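Scroll down for the structure; my scribbles are underneath it.
Just so it is clear, none of the values below were taken in a lab; they were calculated from the coordinates. As the structure is a computational prediction, the values presented were derived from the model and not from experiment. Counting neighbours? That spans all protein chains shown, and the Cβs are built from the backbone with ideal geometry, glycine included.
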Amino acid sequence: MSRIINLTGKRFGRLVVIKRGQTRTTNSGQKKAYWLCRCDCGKEVTVLSHSLRCGDSKSCGCLKIELLKTLFAGKKNPIWRGGKCNTQQGYIKILRPEHPNAQRNGYVLEHIYLMSQRLGRPLLNTEKVHHKNGVKHDNRIENLELWTLNHPSGRRTDDVTQWCVEFLSFYAPEKLNKQSVMKALPMNLPLKIV
């Protein structure tokens with residue numbers, strides 16, 4: 001039987017050995033020593049003694065993920081298509097990590113990106129871009145329209161009126177003057193505009 005070497009406090013790649021773990025017996029009867037290690041990323045893992053000493057284990061797995069992201073990122077990836085791909089729902093997403101509407105992975109749906117370019121601002125979380133013809137990958141600007149999801153329901157008329165003024169001041173401030181409002185109202189409505 002071989003003597004177990006104390007690895008506590010030693011560094012192996014990104015792993016620092018904290019303490020001795022369990023000794024496990026294999027099907028063939030061999031005893032294997034395991035060590036509890038803390039990775040530089042903060043995760044704790046149990047690693048076989050031999051894997052640490054021979055260099056097979058250098059991290060909790062984060063090193064491999066980082067290397068794969070570096071080696072196969074962007075144009076280095078064999079299936080790279082210029083930062084453009086399809087979602088499972090049938091939309092097209094494009095790589096624009098600097099865009100305010102981008103997801104954490106840097107992608108933004110193409111129809112949202114195009115509408116925000118048209119508006120000259122990012123979309124609000126109360127706005128949605130609708131495909132007029134229902135074809136989710138048809139992102140021609142003439143096929144896209146902006147919808148608002150901010151609709152009051154079951155509210156007092158004073159509150160709705162205030163909401164309307166705020167809505168118009170954001171989307172169509174030119175329609176807020178008195179003459180435009182009067183022209184837009186039906187003649188039989190008994191409303192008084194101040």
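Descriptive notes on the structure:
- Whole-number percent relative contact order across the chain, with pairs defined as alpha carbons under 8 Å at least 6 apart: 9
- Evaluating 6.51 cos²θ - 1.76 cosθ + 1.60 at θ = phi - 60° for every residue in segment 28-41, the Karplus couplings come out as 7, x, 6, 9, 10, 8, 10, 10, 7, 10, 10, 7, 4, 7 Hz, glycine and proline recorded as x.
- Lysines with Cα under 19 Å of Lys32, excluding same-chain neighbours fewer than 8 positions away: Lys10, Lys19, Lys58
- For the chain, calculated [θ]222 nm from helices alone, where every DSSP H run of n ≥ 4 adds -39500 (n - 2.57): -7000 deg cm²/dmol
- P(r) tail for segment 82-148: Cα pairs beyond 18 Å make up 32% of the total.
- Restricting the calculation to Cα atoms, the chain yields a radius of gyration followed by a Dmax of 30.4, 101 Å.
- Student exercise, segment 1-99 dipole from Lys, Arg, Asp, Glu Cβ charges, in Debye to nearest 20: 140
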